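The values are calculated or read from the model by the stated rules, or taken from the named source; none is laboratory data. Note that this is a predicted model, so its numbers are computed, not measured. Positions of Cβ are generated from backbone atoms using ideal geometry, with glycine treated the same way; all protein chains shown enter the neighbour counts. All accessible areas refer to the heavy atoms of the entire protein, side chains included, with ligands and DNA or RNA removed. Shrake-Rupley method; radii C 1.70, N 1.55, O 1.52, S 1.80 Å.
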Amino acid sequence: MKSKKTTIKQAKAELKPLNMTLNKNQYDEYRVGFRGCTEAECYRTNDIDDAVATAKHMFAREAEKGGRQS
């Protein structure tokens, strides 16, 4: 059975409460990061589900360090 692919709208809605951004470029690559982050702090991938999972991991890691919060 095939799983449903996450849409960019769903992904953005999921990451917004975490203060994370998700963008798709002209090459079908996804870029995730905290709002206002530098390019070096962003993560890029061609898989939207990977982008969402990585963004959640980035948020959790920052929360553990007492860093950025939503």
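Structural remarks
- The chymotrypsin sites (Phe, Trp or Tyr not before Pro) of the stretch 1-64 meeting both criteria, a DSSP state outside H, G, I, E and B (loop) and at most 15 other C-beta atoms within 10 angstrom of the site's C-beta, are TYR27.
- On a per residue basis, the chain carries 71 Å² of accessible surface, using protein heavy atoms and a 1.4 Å probe.
- Which of LEU18, GLY33, TYR43, positive extreme of dipole for the chain (C-beta unit charges): LEU18
- Estimated from helices alone, the mean residue ellipticity of the chain at 222 nm is -12000 deg cm²/dmol (sum of -39500 (n - 2.57) over DSSP H runs with n ≥ 4, per residue).
- Computed in the context of the full set of protein chains, the accessible area of the chain at 1.4 Å probe radius has 50% of its extent on carbon or sulfur.
- Dipole in debye (nearest 20) - the chain, about Cα centre, beta carbon charges: Lys, Arg +1; Asp, Glu -1: 300
- CYS37 accessible area, assembled protein chains, probe 1.4 Å, Å²: 20
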